[in-house]
Amino acid sequence: MHDRIRSSALLERLMTAEQAASLIEPGMTVAMSGFTGAGYPKAVPQALAARMEQSAASGRGFKIKVLTGASTAPELDGALARVEGMELRLPYQSDPNVRERINAGTLNYIDIHLSHVAQHTWFGFFGDINVAVVEVAGILEDGRLIPSSSVGNNKTWLDQADKVILEVNRWQPAALEGMHDIYYGTALPPNRKPIPLTLPDQRIGEPYLRVDPDRIVAIVETDAPDRNSAFSPPDEASRQIAGHLLDFLGQEIRRGRLTDKLLPLQSGVGNIANAVLAGLSQGGYQGLTAYTEVIQDGMLELLKNGTLRMASATSFSLSPAGIEEFNAHVEFYSKRILLRPQEISNHPELIRRLGCIAMNGMIEADIYGNVNSTHIAGSRIMNGIGGSGDFARNGYLSVFMSPSIAKQGKISGIVPMASHVDHTEHDTMVVVTEQGLADLRGLAPKQRAKQIIEHCAHPDYRPLLQDYYDRAFRDSYGKHTPHLLNEALSWHQRFVETGTMMPG
Ligand code: 0RQ
């Protein structure tokens, strides 16, 4: 019955989620597993939320600081946010309840690069980690852990936390065993050595997580699915964006800058990323590799039809149908997929060495190519920077994609000045909308503006952008990156005041 827990000594620490949650005290810093809706603890956070609710009912506040790998799910982020149980949350989130509280100003959110979270923890920037709550797929006789559907920051959480609570989830496929590559060679400056990874399919670590058994204070058994739902087919704008990007990659091959094997692909999550992957498959590519963060259903298809030879990531976010497909062909997939800690999947040194092609979504870009991935009208958080900065700064190519308009045309995705900057013009090489593609490599700011306005702006907004640029060029304080400072953010202000960026 407890076949996922092969250590008889650790079996003694089995308890209910409620008992485990009672070990967490107000004010603690709690590090949890979970990355893009995969591998997050499913029972303890909900039991903790119930405790917090009771505490609030008796007039005592109960909040904790929560660190994760990236976004989790309603059972973790949602449950804790609904009872106002978090005073701090980091890093990337995408939960509607969390977002609401961040934007209401009642929850502090620290949005940092996903590759930085582990090292900042080791540096002590977040203080002590009191408790780790980590989902695993199983425990070996010797106490080592079979990681779950995501690795995220779990290695760091298990090493750094004073106390460890494990959730052993029997829903996770047993076949996950062996698919992970946990690297234990990281050190702190000034003692760091090169990370010995030179190919996306190289193993540099071991398949199991280590943990000091004396620090395991509770083990909870669960049998609950990850959050992920199936994809909807790509919409027209996504297909057009994918089309422009695929044409561009084709040109790069014809110019001899890329081969038909491209370079390791990093792809964000969502509709557009999905359409790009589908397009690669239809475009006849074979034997490509992915060095990315998340493996979704679409990537299984690409592995199956040979478009991808292998994929390396930190999280395995599959829908129920994807899990079924994976389980039915475990032998095949387990030879072609590797899951690594996010400090390795997103490591600047490795992304630079491998020469990843980074393809990420954005909220808006300005006419010079500064990209906002996170904030609506400069102040309201959407999700977070996630790994987009790790890849955009260090990749061989950094591509940002978005429809040219949002909210039925009330918002332009191309604006005079970005209302928040996650990726500077120095990082952005290519901007793509359904209107077209701007190749910004080797161009100075005024040349970049011409490309972006002509190729990416929606026809309804293009003349307005051109007019802004022309007047800025005429009247700007400097002519390197022309701007009219009192007008640069007026589109966003108009949207806030009138509900549209379009002048009346
Ligand atoms: O709103 O949900 O209310 O309809 O933003 O927009 O066009 O569906 O695109 O799902 O790819 O998301 C930047 C948010 C784009 C995402 C962002 C509104 C739009 C819609 C979603 P609705 P789309 P996507 C890998 C790398 C940062 C992290 C990252 C993201 C909703 O890509 O979070 O790249 N990126 N990680 O209507 C107002 C605008 C808008 C806008 C879009 N200009 N103004 N609303 N929207 N543009 C993953 C990890 O790191 C884990």
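Throughout, read-outs are computed from the coordinates displayed, never taken from laboratory work. Being a predicted model, the structure only gives us computed values, none of them experimental. No Cβ is skipped: glycine too gets one built from the backbone with ideal geometry, and neighbour counts run over all protein chains shown.
Determine the percent antiparallel among the DSSP beta bridges restricted to the chain, to the nearest 5. Provide the component values of the computation, followed by the final result.
Working: 18 of 67 bridges.
Roughly 25 percent of the beta bridges in the chain run antiparallel, per DSSP.
Order of 95-105, 129-139, 146-156, 412-422 by packing, highest average Cβ count within 10 Å first?
Numbers: 95-105: 16.6, 129-139: 25.4, 146-156: 29.3, 412-422: 23.7.
Highest-to-lowest ranking by the protection proxy: 146-156, 129-139, 412-422, 95-105.
Let me check the size of the stretch 309-453 from its C-alpha atoms; what are the radius of gyration and Dmax in Å?
17.5, 54
Regarding the chain, what is the average projected area of its C-alpha convex hull, in nm²? Don't skip to the end; give the middle numbers.
Details: hull surface 97.8 nm².
Answer in nm², one decimal: 24.5.
As I understand it, the dipole of the chain uses +1 on the Cβ of Lys and Arg and -1 on the Cβ of Asp and Glu, about the Cα centre. Which of Gly205, Gly37, Gln19 lies farthest toward its positive end?
Result: Gly205.
With charges set only on the Cβ (+1 for Lys and Arg, -1 for Asp and Glu), what does the dipole of the stretch 168-210 come to about its Cα centre, in debye to the nearest 20? Numbers along the way, then the final one.
Numbers: 5 positive and 4 negative charges, 38 e Å.
I would put it at about 180 debye.
Any idea what diffusion coefficient the stretch 395-435 gets from Stokes-Einstein, in µm²/s, Kirkwood Rh on alpha carbon pairs, 20 °C, 1.002 mPa s?
Details: Rh = 11.4 Å.
Using the Kirkwood radius from Cα pairs, D works out to 188 µm²/s.
What is the local net charge at Met86, summed over the other residues whose Cβ is closer than 15 Å to its Cβ (Lys, Arg +1; Asp, Glu -1)? Intermediate values should be presented prior to the final figure.
Values: positive: Arg51, Lys63, Lys65, Arg82, Arg89, Arg99, Arg101; negative: Glu25, Glu53, Glu75, Asp77, Glu84, Glu87, Asp95, Glu100, Asp111.
With Lys, Arg at +1 and Asp, Glu at -1, the net is -2.
Along the charge dipole of the chain, which of Tyr468, Met86, Asn383 sits closest to the positive end, that is, farthest toward it, with unit charges on the beta carbon of Lys, Arg, Asp and Glu (+1, +1, -1, -1)?
Checked the options; the winner is Tyr468.
Convex hull over the alpha-carbon atoms of the stretch 257-390: what's its volume per residue in Å³? Working shown, then result.
Working: hull volume 17.8 nm³, N = 134.
Convex hull of Cα atoms, per residue: 133 Å³.
Relative to the first principal axis of the alpha-carbon coordinates of the chain, what is the inclination of helix 462-475, with its axis defined by its Cα atoms, in degrees from 0 to 90 and to the nearest 10?
Computed tilt is about 70 degrees.
Given charges of +1 on the Cβ of Lys and Arg and -1 on the Cβ of Asp and Glu, with all other atoms neutral, how large is the dipole of the stretch 211-262 about its Cα centre, in debye to the nearest 20? Write out the running numbers ahead of the final one.
On the way: 7 positive and 10 negative charges, 110 e Å.
The calculated dipole for the stretch 211-262 is roughly 520 debye.
Taking only the alpha-carbon positions of the stretch 372-504 and ignoring solvent, what does the Debye formula give for the base-10 log of I(q)/I(0) at q = 0.15 Å⁻¹?
Reported log10 I(q)/I(0), two decimals: -0.73.
Can you bin every Cα-Cα distance in the stretch 449-494 into 5 Å intervals starting at zero and give me the percent of pairs per bin, rounded to whole numbers?
Over the stretch 449-494, the share of Cα pairs per 5 Å bin runs 5, 23, 27, 27, 16, 2 percent.
Principal axis lengths of the stretch 1-108 from Cα atoms, whole Å, largest first?
The Cα atoms of the stretch 1-108 stretch 47, 34, 19 Å along their principal axes.
If you place +1 on the Cβ of every Lys and Arg, -1 on the Cβ of every Asp and Glu, and leave all else neutral, what size is the dipole of the chain about its Cα centre, to the nearest 20 Debye? If you can, show how the numbers build up before the last one.
On the way: 47 positive and 56 negative charges, 220 e Å.
The calculated dipole for the chain is roughly 1060 debye.
Given Ala174, Thr121, Thr106, which one lies farthest toward the positive end of the charge dipole of the chain, if we put +1 on the Cβ of every Lys and Arg and -1 on the Cβ of every Asp and Glu?
Looking along the dipole axis, the top candidate is Thr121.
Counting only Cα, what are the radius of gyration and maximum Cα-Cα distance Dmax of the stretch 219-328, in Å?
Just the Cα atoms of the stretch 219-328 yield Rg and Dmax of 15.2, 57 Å.
Using alpha carbons only, how many degrees (0 to 90, rounded to 10) separate the axis of helix 236-254 from the longest principal axis of the chain?
Helix 236-254 and the main axis of the chain meet at about 80 degrees.
Could you estimate the translational diffusion coefficient of the stretch 175-266 from the Stokes-Einstein equation, with Rh from the Kirkwood formula over C-alpha pairs, at 4 °C and 1.567 mPa s, in whole µm²/s?
Details: Rh = 19.0 Å.
Value of D from the Cα-based Kirkwood radius: 68 µm²/s.
Taking K and R as +1 and D and E as -1, what net charge do the other residues with C-beta under 12 Å from the C-beta of Cys456 add up to? Mind showing how you got there, number by number?
Working: positive: Arg448, Lys450, Arg462; negative: Glu364, Asp366, Glu434, Asp439, Glu454.
That sum, taken over residues with Cβ under 12 Å, equals -2.
Please compute the Kirkwood hydrodynamic radius over the stretch 78-140, one decimal place, Å, based on all pairs of different Cα atoms.
Numbers: mean 1/r = 0.0743 Å⁻¹.
It works out to 13.5 Å.
Over all directions, average the projected area of the Cα convex hull of the stretch 135-207 and note it in nm².
Values: hull surface 24.3 nm².
One quarter of the hull surface, i.e. the mean projection, equals 6.1 nm².
Please report, for the Cα atoms of the stretch 85-207, the Rg to one decimal and the Dmax as a whole number; what are they, in angstrom?
16.5, 48
Once the other residues with Cβ under 10 Å from the Cβ of Ile253 are scored (Lys, Arg +1; Asp, Glu -1), what is the net sum?
Numbers: positive: Arg254, Arg255, Arg257, Lys261; negative: Glu252, Asp260.
Within the 10 Å Cβ shell, the charges total +2.
Can you give the angle from 0 to 90° between the axis of helix 44-57 and the longest principal axis of the chain, with both taken from C-alpha atoms, to the nearest 10?
So the helix axis and the longest Cα principal axis differ by about 90 degrees.
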